[in-house]
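> One structure, pasted below without further comment.
FYI, it's all coordinate maths here, none of it is from the lab. This structure is a prediction, so every number in the text was calculated from the model and none was measured. Backbone-built Cβ (ideal geometry, glycine too); neighbour counts: all protein chains shown.
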Amino acid sequence: MDHHVAILAVDQEGMEKQKQKQQQLVCERGRRIKAAAELGLARSSRGRQWGRALGRRALAVASAKDPYSFEPVTAPTTGEHQAQKKAASPEEEEEEEEEVEEKVALLRQLVPGGEDMAVEGLLEETADYIAALKAQVGVMRALACLLSGSGLDELTEKPAGLLTPEKSRC
């Protein structure tokens, strides 16, 4: 009887190790998919600053650094603007300027490579980055539909050239 208990314990141990190995493989596959998506996004950036920064970040992932670690910053709330006032007081102007600076600082954290950009360049890069992210979401949705077995039947071509599902499910 003890022999059977020992065999069951070994089998359970083996199954647990196999589960852990499968979980590691799934995590590794997820990292590879994410890295491939980011690399594709970086290559499609036509040399934009955010694309170069994203490429550097992908290389950092390959060297086992954690490029995504940063202190989260909460977006400041927009203050109420008084339309009746013609001229704002110096204190109000200073507060508004601080709000804008906080929002620009948050934007610099969100856009790869945005840390050292001037505001005008940052806004231009942000617009381009958002468009590229939108395209990437369309590609990922298409892949999800293909991998789920529903195929591309549920996807349509939008005028902007982005693939998006007609329905929320694939």
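> In what sequence do Met117, Met15, Met140 fall when counting other Cβ within 10 Å, fewest first?
In order of increasing Cβ crowding within 10 Å: Met15, Met140, Met117.
> Mind listing the phi-derived Karplus ³J(HN,Hα) values for the stretch 113-125, rounded to whole Hz, using 6.51, -1.76 and 1.60 with θ = phi - 60°, and x for any glycine or proline?
Per-residue couplings from phi come out as x, x, 4, 10, 8, 6, 4, 4, x, 4, 5, 5, 5 Hz.
> Fewest Cβ neighbours within 10 Å first, please rank Glu98, Glu38, Glu92 accordingly.
Glu98, Glu92, Glu38
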